[in-house]
């Protein structure tokens, strides 16, 4: 039996005493519970105690839920945050997602639902910390040279164990979900170190997913594209940031080093026994429709569909994001670039589909110049 000292610490933040106390009583038998009636008190508690999970209301007097969330991310970046609110809007949901909330729940919630979500959030945090420890122990390519030796590019056995841990009892669908969860964690942990790429994989996954949905792909194919979207750039951990974030034109030698990241991605991921489809999407997302891409110079339909989808999502997000070597393009400018390179770099049919989706999004609920709407769950 777990002792109280070994239980996870949960901070419940809500200005209304009824919901706050209800949640405290529900969770107390299973966790160490702290409560706060406003954002300022929550921040003080977080400064003095290590929390595993924070449940956070959005509409509070004084410091709002979103303002509190921003402060939480500064002082406790590893804590899992779950929004529980009766006043949610699309805008607040999108803003919360940008700051890395684990889930977003509308009041009134049911007890089994909240218990399940909190349990999953604790599992995610434990995995986050394992992956972060693993990456912190990895040599830095910027220190060791242009690239890390291939012998250093490996994942520890516990990572494979996480993916496998429920599959034996719950079947392949559980294995796929564990793989997706790990993919998210690994991508987020890597991007945490670079403000220019923060959230990139999440957005690439979002854009890829809406294209997959429009194509009515089956659940297996869609999930494989999601996983590949999160992991598409993982090989860059073996490439020095002085090349990846270089201001100015890359030399031919530097460009050759950058292009190694697709090969390094596959070498890193092979021990995880991911499906051949996932690996092919990652390996070929830099192929070009006209056959001039890398690593294999594949042409048109020779390029796997998932890789063609990710290529568009990756390019669109990169163009509309700030980089050390250039300012972001506007949404309109980025769409013009997609049109310009349709049939050359990108699958023209997929470009048309993606542009139609963006137009619909702008007309329905995103009348602004910069689209940033990653979905909270898949």
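A short reminder: the numbers here are calculations on the coordinates, not readings from a lab. Fair warning: this is a prediction, and the values are worked out from it, not measured in the lab. In this analysis, Cβ positions are derived from the backbone assuming ideal geometry, glycine residues included, and neighbour counts consider all displayed protein chains.
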Open item on the list: Using a Förster radius of 35 Å, what is the FRET efficiency between residue 292 and residue 78 based on their Cβ-Cβ separation? Nearest 0.05, please.
Closed with: 0.25
- [ ] Apply 1/(1 + (r/R0)^6) to the Cβ-Cβ distance of residue 49 and residue 220, taking R0 = 35 Å, and write down the FRET efficiency to the nearest 0.05.
- [x] 0.25
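Could you compute the FRET efficiency for residue 87 and residue 126, with r as their C-beta to C-beta distance and R0 at 22 Å, rounded to 0.05?
Details: r = 31 Å, r/R0 = 1.41.
With a Förster radius of 22 Å, E is 0.10.
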Open item on the list: Neighbour counts of other C-beta atoms within 10 Å: give me 132, 259 arranged from fewest to most.
Closed with: 259, 132
Task: Extension gain (nm, one decimal) between residue 299 and residue 115, 0.36 nm per residue minus Cα-Cα - done: 61.3 nm
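Hey, can you rank 299-312, 49-62, 22-35 by average C-beta count inside 10 Å, highest first? Please report the intermediate quantities before stating the final value.
Details: 299-312: 21.1, 49-62: 19.4, 22-35: 16.3.
Per-residue mean Cβ counts within 10 Å order the peptides as 299-312, 49-62, 22-35.
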